[in-house]
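Undergrad: Below is one structure. I have some questions about it.
The values are calculated or read from the model by the stated rules, or taken from the named source; none is laboratory data. The model shown is predicted, which means the values in this text are computed figures rather than measured ones. With ideal geometry, Cβ positions are generated from the backbone for all residues, glycine too; neighbour counts draw on all protein chains shown. The protein model used for the area step is the full one, side chains on, heavy atoms only, and it has no ligands, DNA or RNA in it. Shrake-Rupley method; radii C 1.70, N 1.55, O 1.52, S 1.80 Å.
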Amino acid sequence: LLKLSLIDTELDKLSLIDTELLKLSLIETELLKLSLIETELLKLSLILTELLKLSLIDTELDKLSLIDTELLKLSLIETELLKLSLIDTELLKLSLIDTELLKLSLMETELLKLSLMLTELLKLSLML
């Protein structure tokens, strides 16, 4: 009967671990969904950037050569800033992923603590 109780306890522990793994899987799925949404937003941002470049080029063709040269310099600076902004966005995405990984690691640590407590409880119950 004691063996059956231990087996039942182990099955309960495995069920809890399985539940936590499912929760982590759901979190991962949500993160992937958010990543896809963010990717689409970045694509739209790139399209908008290209449209802005085209608009600037069209406007600059109607201006004097000296003004045109200065505006092209500003356009290059803007493009570089947009590139830096995209790099910054990628770094933020990586930071978010890192944060989620840390959260998962904390969850795993908590699961290990619970497992240790359960082991101690099992030891105590065996001593009784």
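Undergrad: Can you list the aspartates and glutamates whose alpha carbon is less than 19 Å from that of Lys83, not counting same-chain residues fewer than 8 positions off?
TA: Glu38, Glu40, Glu50
Undergrad: If you don't mind, there's one more thing I want to ask. Tell me which label goes with the value of Cα extents along the principal axes in Å computed from the coordinates here: (i) 94, 18, 9; (ii) 54, 29, 23; (iii) 52, 25, 20.
TA: Matching entry in (i) 94, 18, 9; (ii) 54, 29, 23; (iii) 52, 25, 20: (i).
Undergrad: Go through Thr119, Thr49, Met107 and say which Cα lies farthest out towards the positive end of the charge dipole of the chain; charges sit on Cβ, +1 for Lys and Arg, -1 for Asp and Glu.
TA: The residue sitting most towards the positive pole is Thr119.
Undergrad: What figure in square angstrom, to the nearest 10, would you give for the accessible area of Asp62 with a 1.4 Å probe?
TA: Accessible surface of Asp62 is approximately 130 Å².
Undergrad: Mind checking the angle between helix 2-61 and the chain's longest principal axis? C-alpha axes, 0 to 90 degrees, to the nearest 10.
TA: 0 degrees
Undergrad: For region 16-81, please report how many Lys pairs fall under 27 Å Cα to Cα, leaving out neighbours fewer than 8 apart on the same chain.
TA: Lysine pair count for region 16-81: 7.
Undergrad: Multiply the residue gap between Glu80 and Leu122 by 0.36 nm, knock off their C-alpha separation, and tell me the result in nm, one decimal place.
TA: On the way: separation 42, 0.36 × 42 = 15.12 nm, distance 6.23 nm.
Here the answer is 8.9 nm.
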